[in-house]
Amino acid sequence: METLNWSAGTWTTPPAEVHEDGSDLVVTCVERSDAWRITSYGFERYNAHGLVAPLPQNTAMEVVFTCDYTEQFDQAGLFTTAGPELWIKAGVEFADGHAMLGAVVTNPVSDWSTGPVDDWIGQRVRVRVSRAGDAITVRAGLDGGEMRLVRLAPFPEDAEAQAGPFTCAPTRAGLTVRFHEWLQGPADTSLH
């Protein structure tokens, strides 16, 4: 994997504040920033703060961030997008009193899969998406530890996708997330 400079991406929606601190990128969210489309809740939002660069076929992208948040629906991870009706956000979201590892896949409506990872609070988390053929494979784990399969999701082969670090704060102002690494390389060669 090769390190991407923070300047290699463009924001899907600019954050309230962003600055570099050494080699880290520190991002502060706008209140009510989110990505969701219709299912169950009925609303549509596509204003999460994603710093994205091209994700062509047969490539993977990773981000590392500190999961240092504990308020309802605070979230950070990796955003893959081909527009407001075709995107995936994957990472850790704080929901109902727990840190939840999960992914939201939208095409054209959203679904959400989660599992608790309370011991990840305060830790560095690595999230990776691999794009190959008609699918995106999502993996995550503590930085330096084993990566686990989070999701295998359909994604059109011909879509012009971009991906990179994201964060959003659907219910509050002031969420700040520290990103440590952004990398790109070849897609994973196996599912398991």
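The values are calculated or read from the model by the stated rules, or taken from the named source; none is laboratory data. Predicted model, so just to flag it, every value in this text is computed and none were measured. Here the Cβ is made from the backbone with ideal geometry for all residues, glycine too, and neighbour counts use every protein chain on show. We work out accessible area using only protein heavy atoms, side chains counted, and drop any ligands, DNA or RNA first. Shrake-Rupley method; radii C 1.70, N 1.55, O 1.52, S 1.80 Å.
Quick notes on this structure:
- Listing of strands (runs of 3 or more DSSP E) fully contained in segment 78-182 that carry 3 or more residues being over 21 Å from residue 34 (Cα atoms): 124-132, 135-142, 148-154
- Scope segment 32-48; condition farther than 15 Å from residue 172 by Cα and among the hydroxyl-bearing types (Ser, Thr, Tyr); matching residues: 39, 40, 41, 46
- Summed over segment 55-101, the residues that are of a type in the set (Val, Ile, Thr), closer than 13 Å to residue 165 by Cα and in contact (Cβ under 8 Å) with a residue 60 or more places away in the chain give a count of 6.
- Index of the failed condition, residue 88 passing every other in (1) open to solvent by 10 Å² or more (accessible area, probe 1.4 Å); (2) farther than 19 Å from residue 176 by Cα: (1)
- Among the conditions (1) surrounded by 14 or more Cβ atoms within 10 Å (Cβ to Cβ); (2) without any contact (Cβ under 8 Å) to a residue 40 or more places away in the chain, residue 105 misses just one, which is (2).
- Of all the criteria given as (1) outside any loop (DSSP other than H, G, I, E, B); (2) surrounded by fewer than 17 Cβ atoms within 10 Å (Cβ to Cβ); (3) out of contact with any Leu (no Cβ under 8 Å at 6 or more places or on another chain), the one not satisfied by residue 41 is (1).
- The residues of segment 124-158 that are open to solvent by 20 Å² or more (accessible area, probe 1.4 Å), touching a residue at least 60 places away in the same chain (Cβ under 8 Å) and on the phi < 0 side of the Ramachandran plot, listed by number, are 124, 126, 128, 132, 143, 150, 151, 156, 157.
- Number of positions in segment 154-169 that are within 13 Å of the chain's Cα centre (by Cα) and of a type in the set (Asp, Glu): 0
- Within segment 159-192, being charged (D, E, K, R), over 15 Å from residue 140 (Cβ atoms) and open to solvent by less than 60 Å² (accessible area, probe 1.4 Å) holds for one residue alone: 172.
- The set of residues in segment 1-38 being closer than 19 Å to residue 72 by Cα, of a type in the set (Ser, Thr, Tyr) and part of a loop (DSSP other than H, G, I, E, B) consists of 33 alone.
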